[in-house]
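Notes to accompany the following structure.
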Amino acid sequence: MRAAVDHLFREGRLLEWGVCATGVLVETLLDRGADADVAEAEAAIARLAAAPADDGLAIRDSWLLRLRALLARAGGDAATYAQFRDRYRDMAKKLGFEGHIAWAEAMP
């Protein structure tokens, strides 16, 4: 997964398939949960957030809210987790992203 995300980034395609690929990588790293994995997940989120996007990119922004919520939960920050989770739910509903709505509703 790392190699695929790195390749997409190098090729300037991070905002195409790289958004989803980064999401899968981050969730996998956080599920494993070692300190180095959490740090790598945080770096992957930062790289996705820094990728240029003309006038924003709703799907990227939605993923970023989800990933930041998961990162906060992995770090034991319940308040930040709840804030990002709620913003993620609101955005998913506002945009009508059915898959993200289901994922957001499944987040405790």
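Report, as a whole number in µm² per second, the diffusion coefficient that Stokes-Einstein gives for the range 11-60 at 10 °C and 1.306 mPa s using the Kirkwood radius over alpha carbon pairs. Diffusion coefficient, whole number: 140 µm²/s.
Normalised by 2.2 N^0.38 Å, with N the number of residues, the alpha-carbon radius of gyration of the chain equals 1.02. Considering helices alone, the calculated mean residue ellipticity of the chain at 222 nm is -25000 deg cm²/dmol, with DSSP H runs of length four and up weighted by -39500 (n - 2.57) and normalised per residue. Protein heavy-atom surface of the chain, 1.4 angstrom probe: 54% of the accessible area is carbon and sulfur, with nucleic acids and ligands not counted.
The values are calculated or read from the model by the stated rules, or taken from the named source; none is laboratory data. Here the structure is a predicted model, which means the values were calculated and not measured. Quick note on the areas: whole protein, heavy atoms, side chains included, nothing else; ligands and nucleic acids left out. Shrake-Rupley method; radii C 1.70, N 1.55, O 1.52, S 1.80 Å.
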